[in-house]
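What follows is a short report on a single structure.
Every read-out reported here was derived from the displayed coordinates using simple, explicitly stated rules and does not represent laboratory data. Note that the structure is a prediction, hence the values are computed from the model and not measured. Methodologically, a virtual Cβ is constructed for each residue, glycine included, from the backbone with ideal geometry; neighbour enumeration extends over all protein chains shown.
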Amino acid sequence: MSKSDPSLSPLMALLNQAERERDDALAQARKAEAAQAAAQGQVEQLLAYRVDCETRYREKFSRQSSIDQFQTYQGFMGRLTTAVEQQQMVVDNAARRTEAAREAVREQELRVVSVRKLIERRLAELRLAADRRDQKQTDEFASRAAWNRLDEQRLSASA
């Protein structure tokens, strides 16, 4: 039996749908991973900028500073720290979305494997039925041949 057997059409359609859904889930997972990587990159940029600012302002304040400059610096660094924390929350949310997307891929892949297994079982059933049909035809042919020989022997013996 081949995969073109009409009784397999519904299973093949189901397999095609499951593969499309799996491919869609893979695409979503890739997008989620890219979004997570971009968010992580932004956190890293912000952290590097914060280190750079701290270094520059430390050098500047070591020479001279007024209370206003120091308060401005502290306010700016506070806002920068808040931005880093908020961006880290974005990264954490992106990581959760990425993990959910990966789980969806695993579920869809399991579905594809299950449908393929159903198709394999159906093909095995069709092969078994075809083998039984062939065996039955062979048995019937052998039985007819035996009866024909017996008839010929009876005709020869009676003649």
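Scalar couplings 3J(HN,Hα) for the range 116-130, obtained by applying the Karplus form with A = 6.51, B = -1.76, C = 1.60 to θ = phi - 60°, are 4, 5, 4, 5, 4, 5, 5, 4, 5, 4, 5, 5, 4, 4, 5 Hz; x denotes Gly and Pro. Here the 3J(HN,Hα) profile of the range 39-47, calculated from phi with Karplus coefficients 6.51, -1.76 and 1.60 at θ = phi - 60°, is 5, 5, x, 5, 4, 4, 5, 4, 5 Hz, Gly and Pro shown as x. Over the range 20-159, Cα pairs under 8 Å with separation of 6+ residues give a relative contact order of 42 percent. Could you work out how far the C-alpha centroid of the range 32-46 sits from that of the range 80-157, in angstrom? If you average the Cα positions of each part, the centres end up 41 Å apart.
Here is how the number arises for the chain: DSSP H runs of 4 or more residues each give -39500 (n - 2.57), the sum is divided by the residue count, and the result at 222 nm is -35000 deg cm²/dmol. What the pair-distance distribution of the range 6-116 shows, using all Cα-Cα distances binned every 10 Å from zero, is 13, 26, 19, 15, 12, 8, 5, 2, 0 percent. Structural size metrics of the range 87-159, computed from C-alpha coordinates, are Rg and Dmax of 31.4, 107 Å. Each residue, Phe141 and Glu59, gets one label point 7 Å from its Cα in the Cβ direction; the gap between the two is 9.5 nm. Less than 5 angstrom separates the built amide H of Ser65 from none of the residues sequence-distant by 5 or more or on a different chain.
Would you mind getting me the FRET efficiency between Arg20 and Gln40? Use the beta-carbon distance for r and R0 = 25 Å, nearest 0.05.
Taking R0 as 25 Å, the efficiency between Arg20 and Gln40 is 0.25.
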